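The values are calculated or read from the model by the stated rules, or taken from the named source; none is laboratory data. Source: prediction; values computed, not measured. Note: ideal-geometry Cβ built from the backbone for every residue, glycine included; neighbour counts use all protein chains shown. The accessibility values were calculated without ligands, DNA or RNA, using every heavy atom of the protein model including side chains. Shrake-Rupley method; radii C 1.70, N 1.55, O 1.52, S 1.80 Å.
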Amino acid sequence: QLVESGGGLVQAGGSLRLSCAVSGLSSNSRRMSWFRQVPGKEREFVATIIAGGASIYYADSVKGRFTISRDNAKNTISLQMNNLKPDDTAVYYCAARRDIGISRRSDEYDYWGQGTQVTVSS
């Protein structure tokens with residue numbers, strides 16, 4: 001089970017930190033990622049990470065502003081979002097993949113959280 005938290009309303013230029021609590025999965029052996037989705041559009045890859053904090057990749061649109069991290073002892077992953085822009089407004093989802101290989105495709109992930117809304121006002 002994946003449970004996201006930390007979403008909310010923030011002004012452009014502000015920051016938010018999203019968290020994803022992982023239970024019932026062996027998070028140490030999986031690839032964990034963040035995706036986001038706006039109504040009428042496909043779910044979009046944001047960032048990904050594996051155990052030990054290696055193999056980190058970001059979407060070009062968030063590179064330099066967002067930071068993904070994981071705490072294996074607490075079974076959580078986080079997404080620190082700085083310098084937020086109105087285009088970052090979306091529902092953000094935590095996802096887990098049994099295969100440790102890199103994937104930016106939402107259909108290649110096996111487990112999903114319920115999502116948390118992030119709204120950035122201009």
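General observations
- If you check Asp71, Asp88, Asp110, Asp99 for being under 20 Å from Gly40 (Cα atoms) and among the acidic types (Asp, Glu), only one passes: Asp88.
- Residues of segment 103-122 satisfying the condition of being open to solvent by less than 40 Å² (accessible area, probe 1.4 Å) and either charged (D, E, K, R) or part of a loop (DSSP other than H, G, I, E, B) (or both): Ser103, Tyr109, Gly113, Gly115
- Only one of the numbered conditions (1) open to solvent by less than 60 Å² (accessible area, probe 1.4 Å); (2) assigned to a loop (DSSP other than H, G, I, E, B); (3) without any contact (Cβ under 8 Å) to a residue 40 or more places away in the chain is violated by Ser69, and that is (2).
- Among residues of segment 49-62, those that are assigned to a loop (DSSP other than H, G, I, E, B), modelled with pLDDT under 95, surrounded by 13 or more Cβ atoms within 10 Å (Cβ to Cβ) and hydrophobic (A, V, I, L, M, F, W, C), counted: 2
- Test: residue in segment 21-28 that is of a type outside the set (A, V, I, L, M) and under 13 Å from the mean Cα position of the chain (by Cα): no
- Those residues of segment 77-94 which are modelled with pLDDT of 95 or more and of a type in the set (A, V, I, L, M), in sequence order: Leu79, Met81, Leu84, Ala90, Val91
- Exclusive hit being out of contact with any strand residue (DSSP E or B) (no Cβ under 7 Å at 6 or more places or on another chain), hydroxyl-bearing (Ser, Thr, Tyr) and over 14 Å from Thr119 (Cα atoms), set Ser23, Ser78: Ser23
- Ser23 satisfies every condition listed in (1) small (Gly, Ala, Ser); (2) modelled with pLDDT of 95 or more; (3) surrounded by fewer than 20 Cβ atoms within 10 Å (Cβ to Cβ) except (2).
So that you can scan it fast, the table gives a plain yes or no per residue for (1) among the β-branched types (Val, Ile, Thr); (2) closer than 18 Å to Arg98 by Cβ:
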residue	(1), (2)
Val3	yes, no
Val10	yes, no
Gly14	no, no
Ser33	no, yes
Val46	yes, no
Ile49	yes, yes
Asp60	no, no
Gly64	no, no
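- Of the residues making up segment 29-48, those that are among the charged types (D, E, K, R) and open to solvent by less than 20 Å² (accessible area, probe 1.4 Å) number 2.
Every residue, every condition in (1) modelled with pLDDT of 95 or more; (2) in a strand (DSSP E or B); (3) surrounded by 14 or more Cβ atoms within 10 Å (Cβ to Cβ), yes or no:
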{"position": "Glu4", "(1), (2), (3)": "yes, yes, yes"}
{"position": "Val10", "(1), (2), (3)": "yes, yes, yes"}
{"position": "Gly14", "(1), (2), (3)": "yes, no, yes"}
{"position": "Gly64", "(1), (2), (3)": "yes, no, no"}
{"position": "Gly101", "(1), (2), (3)": "no, no, no"}
